[in-house]
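I have placed the structure first, in the form of structure tokens, so that the comments after it can refer back to it.
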Amino acid sequence: MKILMLCGSPRPQKSTSHYLLNVLKERLCNENKILMCNITEKNSDIEQTVMKNAEDVDVIVAAFPLYVDSIPGSFLKVLKNIEEQIKEYKVDCKLYVIVNNGFYDAKQNSIAIDIMWNWCEKCGMTKGRAIAVGAGEMVQGIPLGAGPMKNLGNAMNQFTEDIQHKNSGETIFVEPNFPRFLYKTAAHMGWHRNAKKNGLKISDIKKTE
């Protein structure tokens, strides 16, 4: 099976999106041909690479961070540019999606996932499955399936199996095995630390004008 992985993060090498695609790639690479594309390359280079490999691709996996409840603009531009060409191939291709955000709640990713399914239908592809990941900043550095990442590890196991068998299914919403109030506390500490580093007070952060 030929799998095309699209990393839609503007900072792919350090991003949660890139990390999760690499995890997926390691699990799938023994039995499949996999090509990874990063959107930080020149748009024309990405589009040429995608189209060169799209004609006989079986699965596309798109991963990106949530930007204003939607898709990063640079990635959206690439998707729009390759839309017409993908329609022409009319192959039995399935789309799978991974969206992560910095909020605790995975449901925050729902709108972006719906946008991807609309794009999938417009391109004539078949809907596979999506994973919506909350608290994305916690993902790297903790082994999947352990501690706070137990739920995500289980979700990635299911996602891998779905891709291997080209299954479809409802979105898997994943939040960390970690109390919400502690995540919120850690986030506040981070903001306060960054403010102090930049010569600001907490009151400056709360200013509305």
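The values are calculated or read from the model by the stated rules, or taken from the named source; none is laboratory data. Computed from a prediction, not measured in an experiment: that's the story for all the values here. Here Cβ is always computed from backbone atoms with ideal geometry, including for glycine, and neighbour counts include all displayed protein chains. Calculation scope for accessible area: heavy atoms of the full protein, side chains included, ligands and nucleic acids excluded. Shrake-Rupley method; radii C 1.70, N 1.55, O 1.52, S 1.80 Å.
Yes/no per residue for (1) at pLDDT below 80; (2) of a type in the set (A, V, I, L, M, F, W, C); (3) open to solvent by 20 Å² or more (accessible area, probe 1.4 Å):
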| position | (1), (2), (3) |
| --- | --- |
| S15 | no, no, no |
| L20 | no, yes, no |
| L28 | no, yes, no |
| N32 | no, no, yes |
| L66 | no, yes, yes |
| S70 | no, no, yes |
| S74 | no, no, yes |
| I82 | no, yes, no |
| K107 | no, no, yes |
Is at least one residue of the range 179-187 within 30 Å of E88 (Cβ to Cβ) and either modelled with pLDDT under 90 or not small (G, A, S) (or both)? no
Filter the range 124-164 down to the residues that are on the phi > 0 side of the Ramachandran plot and open to solvent by 20 Å² or more (accessible area, probe 1.4 Å) and list them by number. G124, G141, G145, G147
Just the residues that are of a type in the set (S, T, N, Q) and farther than 16 Å from G169 by Cα, please, taken from the range 119-146. Q140
With the condition kept exactly as written, say whether any residue in the range 28-42 is within 19 Å of I98 (Cβ to Cβ) and free of Cβ contacts under 8 Å to residues at least 12 places away in the same chain. yes
Keeping to the range 189-209, report how many residues are open to solvent by 90 Å² or more (accessible area, probe 1.4 Å) and either polar (S, T, N, Q) or modelled with pLDDT under 65 (or both). 5
May I ask you to list the residues in the range 2-14 that are without any contact (Cβ under 8 Å) to a residue 60 or more places away in the chain and under 15 Å from I131 (Cβ atoms)? M5, C7
Among the residues of the range 120-161, count how many are farther than 15 Å from R27 by Cβ, among the β-branched types (V, I, T) and in contact with a Phe, Trp or Tyr (Cβ under 9 Å, 6 or more places away or on another chain). 2
So which residues in the range 15-40 are more than 15 Å from L144 (Cα to Cα) and either assigned to a strand (DSSP E or B) or more than 13 Å from the chain's Cα centre (by Cα) (or both), if there are any at all? L28, C29, N30, E31, N32, K33, I34, L35, M36, C37, N38, T40
In the range 84-100, what residues are open to solvent by 20 Å² or more (accessible area, probe 1.4 Å) and in a loop (DSSP other than H, G, I, E, B)? K90, V91, D92
